[in-house]
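Notes follow once the structure below has been shown.
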Amino acid sequence: MRDEAVTGKGGKQRRRVRRMIELEKKSAGLQMRPTRRTVLRAAGAGTGAALLGGSVLAQGISNRPITIIVPFGPGTAPDTLARRMGESFQQRWKQPFVIENRSGASGTVGTTTVARAQPDGHTLMISPSTLAMSPSLYRDLAYDPVKSFEPVTQLVTIGFGLLLHRSAGQDVASFVQKAKEQPGGLFYGSPGKGTPHHLAMELFKQRAGIDVTHFPATSFAGAYTELLAGRLSAMFTTITIAKALPTDGSVKLVGVASAARLPSVPDVPTFTELGFRGVEVVDWYAMFAPAGTPKPVVNQLNASANEILQAPDVKAWFDIQGMVPAGGTSDQLRSLVASDITRWGQVIRDAGIKPE
């Protein structure tokens, strides 16, 4: 499929794209209505940083600001989560927390910054599961996802599901049948190569034994616009966004990539129920510190993070965002990263995706 065939023109489509961009921000839970005080503090912290509190020292590790680096832009799910966690840490520690966005190269720019930071507890990172996908997608990473960081704790998970355009079938079985009848003839979209949306479909393709062609858009909004128009047959997305998407009835959520049905969409079956075992995709978000950060500091961060995750107001906020609180120990997070590197590395190799 030529790109121009997928990226049609016209005022109506442009309006749809604009609406989708706003939807992405809303679905990510972006709540960036800073007070004048916050803006002034952010200005003092430097461009791209947002200071989340005062400077009174209580039970924090110092009276200096702690920076949480987000390897993606403002309005994304990790950014929104970082702001909520930073605010809660500030309330408990009485120590300033700064959120700094360092986006670029699918998160590797900001992640490299954290790996090279002074390991004194004043630089942290909140990263999605792409951290475990990057080693198989990029040849010359400046960091090791396991050795370059001290895991603090897993924060939340978000489920994934499959969206179908009605022209591709009314359920997973009919989509698989049509794909087998037209090898390579159906197209699916994603926000870009190597994204969880892309790899989720590659995993499903392998389990279902089908050949569907990838169209990497430059954003989720662009991919969904093409799906809504019928120029794409399918795509994976988070359940949070799937529930909020505008549709004229031509797009349907037909399966969830989880071990059990999700409470937010109880009528949608899992792929295991539908006969496709092993199609489980959970996008996790976790907190990390640079390798060498003192163990007592990591333990203090872990204890506070787990406490925050169980706070009623925070759990209510997670429900609105479609996030499920996780928590756990540093060692559990380290094992999760290592196992996901192996798992996604195999999916990427089997899909024939070459590292850049």
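Consider region 108-126. How many of its residues are buried (at least 19 other Cβ atoms within 10 Å of the Cβ), outside any helix (DSSP H, G or I) and of a type in the set (S, T, N, Q)? Result for region 108-126: 1. Just to be sure before I move on: is V347 in a helix (DSSP H, G or I) and within 21 Å of the chain's Cα centre (by Cα) in the structure I sent? Here the answer is yes, as V347 does meet what is asked. Restricting attention to region 208-242, the residues being assigned to a helix (DSSP H, G or I), in contact (Cβ under 8 Å) with a residue 60 or more places away in the chain, in contact with a His (Cβ under 8 Å, 6 or more places away or on another chain) and of a type in the set (A, V, I, L, M) number 2. Inside region 91-107, can you point out the residues that are surrounded by 19 or more Cβ atoms within 10 Å (Cβ to Cβ) and part of a helix (DSSP H, G or I)? If the condition is that a residue be surrounded by 19 or more Cβ atoms within 10 Å (Cβ to Cβ) and part of a helix (DSSP H, G or I), then W93, S106, G107 are the ones that fit. Of the residues making up region 150-188, those that are aromatic (F, W, Y), under 18 Å from A257 (Cα atoms) and touching a Phe, Trp or Tyr at 6+ places or on another chain (Cβ under 9 Å) are F160, Y188.
Residue-level check: of (1) surrounded by fewer than 18 Cβ atoms within 10 Å (Cβ to Cβ); (2) over 22 Å from G107 (Cβ atoms), T218 misses just (2). Total residues in region 128-156 satisfying the condition of being in a strand (DSSP E or B) and at pLDDT 95 or above: the figure is 8.
If you go through region 315-333 and keep only what is part of a helix (DSSP H, G or I) and buried (at least 17 other Cβ atoms within 10 Å of the Cβ), you end up with W317, F318, Q321, S330, L333. Inside region 177-207, can you point out the residues that are open to solvent by 10 Å² or more (accessible area, probe 1.4 Å) and hydrophobic (A, V, I, L, M, F, W, C)? Correct list: L186, F187.
The values are calculated or read from the model by the stated rules, or taken from the named source; none is laboratory data. All values derive from a computational prediction rather than experimental measurement. No Cβ is skipped: glycine too gets one built from the backbone with ideal geometry, and neighbour counts run over all protein chains shown. The accessibility values were calculated without ligands, DNA or RNA, using every heavy atom of the protein model including side chains. Shrake-Rupley method; radii C 1.70, N 1.55, O 1.52, S 1.80 Å.
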